[in-house]
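The values are calculated or read from the model by the stated rules, or taken from the named source; none is laboratory data. No experiment lies behind these values; they were computed from the predicted model shown. We place every Cβ from the backbone using ideal geometry, glycine too, and count neighbours over all the protein chains shown.
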């Protein structure tokens, strides 16, 4: 009987270590660096490696901008399709999903002025 409990405990410890290891790999990135989420940030992701679970922090004036998670069509057209998630706190933290992640500012003319990013997470 003790042997069974020991095996269960070992499996539990292994699962905890794997979970902790996965969490330890998550990184936090401030979009746009010190300048924050603003115009002409579309090139900000270049040269960076992103993983699913990483956090993007969008810092901006909530009175002047927002962040909208869109699909590729919305990104390319600078439009927020119906049902898009809109963030507007000025200090948004968004977890990346595996694959392509697209974000725009939906204030008139902002996306067209480069206030959009496309991030691919592995």
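General remarks:
- Screening residue 13 against (1) at pLDDT below 95; (2) surrounded by fewer than 12 Cβ atoms within 10 Å (Cβ to Cβ); (3) within 13 Å of the chain's Cα centre (by Cα) leaves a single unmet condition, (3).
- Only residues that are in a strand (DSSP E or B) and loosely packed, with under 11 Cβ neighbours inside 10 Å were counted in region 22-71, giving 1.
- Members of region 97-115 found to be surrounded by fewer than 22 Cβ atoms within 10 Å (Cβ to Cβ) and either in contact with a strand residue (DSSP E or B) (Cβ under 9 Å, 6 or more places away or on another chain) or not in a helix (DSSP H, G or I) (or both), listed by number: 97, 98, 99, 100, 102, 106, 107, 108, 109, 110, 114
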